[in-house]
Amino acid sequence: MKIVLFGATGNVGQRITAEALRRGHDVVGVVRDPAAAQSPDPRVRLVRGDATSADSVAEVARGADAVVSAISPRPNARGLPAPSLVTNARALVAGLRRAGVSRVLYVGGAGSLEVAPGQALLDQPGFPEAYRAEAVEGRDALTVWRQEAEGLDWTFLSPAIEIAPGERTGKYRTTDDQVLADANGRSFISFEDYAVAVLDELETPRHRARRFGVAY
């Protein structure tokens, strides 16, 4: 499978790259400034692309079997501004249609997951203000996929509330729109096992045209 990966050098993107290569897939990494970035693996070619531009998406995605968007909604270490996830989602929808690529997996956030029916995590008292803006962007991006992506074979994958470097166990549980926690009330997934879930879904789709989440 040829996978075009936006955000290949980020925390999630690097793990998705490693998992895809482990399974024998080809990966093309898309970054805003290839000259200033280092490929996460010598087998991965980095190309310049803008995940918020439909024209750019169409150009770099053409010929792919699947596209993964794993861009970060935060400014990067080199001072590039935070991209808009809503603009990103709309650019992907339009660009992939032009490129003739239907399969796309979108790395989303946990803020839009529900703690109870109709009650999003990001709307709960005590939700960290530092993450509220990006959580709202993530929820709005999910709305774009649900309402504007007709004809595309899309999946939106939310991580657990906590996601961090850790072990690749190859094990995880899935949820639809609800926060998933373990017996101790902790909602956690490693970057490595999140990447396992991404590749599992790309290889054997079980959540077409909908969101799902993963946690231990």
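The values are calculated or read from the model by the stated rules, or taken from the named source; none is laboratory data. Since we're looking at a predicted model, the values are computed, not measured. Heads up, the Cβs are rebuilt from the backbone with ideal geometry, glycines too, and the neighbour counts pull from every protein chain shown. Quick note on the areas: whole protein, heavy atoms, side chains included, nothing else; ligands and nucleic acids left out. Shrake-Rupley method; radii C 1.70, N 1.55, O 1.52, S 1.80 Å.
The rows are residues; the columns are (1) within 27 Å of GLY170 (Cβ to Cβ); (2) over 18 Å from the mean Cα position of the chain (by Cα); (3) modelled with pLDDT under 95.
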site: LEU5; (1), (2), (3): yes, no, no
site: GLU19; (1), (2), (3): yes, no, no
site: VAL31; (1), (2), (3): no, no, yes
site: VAL57; (1), (2), (3): no, no, no
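So SER112 passes all but one of these: (1) out of contact with any Pro (no Cβ under 8 Å at 6 or more places or on another chain); (2) at pLDDT below 95. Which condition number does it fail?
(2)
Filter the stretch 16-26 for residues that are out of contact with any helix residue (DSSP H, G or I) (no Cβ under 8 Å at 6 or more places or on another chain), open to solvent by 40 Å² or more (accessible area, probe 1.4 Å) and either within 22 Å of PRO165 (Cβ to Cβ) or assigned to a helix (DSSP H, G or I) (or both) and give the result.
Correct list: ARG22 only.
Among residues belonging to the stretch 156-174 that are over 23 Å from SER72 (Cβ atoms) and either in a strand (DSSP E or B) or touching a strand residue (DSSP E or B) at 6+ places or on another chain (Cβ under 7 Å) (or both), point out the one that is least open to solvent (accessible area, probe 1.4 Å).
THR174
Quick one: which of ARG210, ARG206, ARG186 is under 30 Å from ALA94 (Cα atoms), open to solvent by 10 Å² or more (accessible area, probe 1.4 Å), without any contact (Cβ under 8 Å) to a residue 40 or more places away in the chain and not polar (S, T, N, Q)?
ARG206
Are any residues in the stretch 112-144 closer than 19 Å to ALA82 by Cα and more than 19 Å from the chain's Cα centre (by Cα), and if so, which ones?
Those that are closer than 19 Å to ALA82 by Cα and more than 19 Å from the chain's Cα centre (by Cα): PRO128, GLU129, ALA130.
In the stretch 146-168, what count of residues is obtained for those that are under 19 Å from LEU122 (Cα atoms) and under 14 Å from the mean Cα position of the chain (by Cα)?
6
Just to verify a result, which residue in the stretch 175-216, among those that are of a type outside the set (Val, Ile, Thr), touching a Phe, Trp or Tyr at 6+ places or on another chain (Cβ under 9 Å) and part of a strand (DSSP E or B), is farthest from ARG15 (Cα to Cα)?
Applying the filter and picking the extreme gives ARG210.
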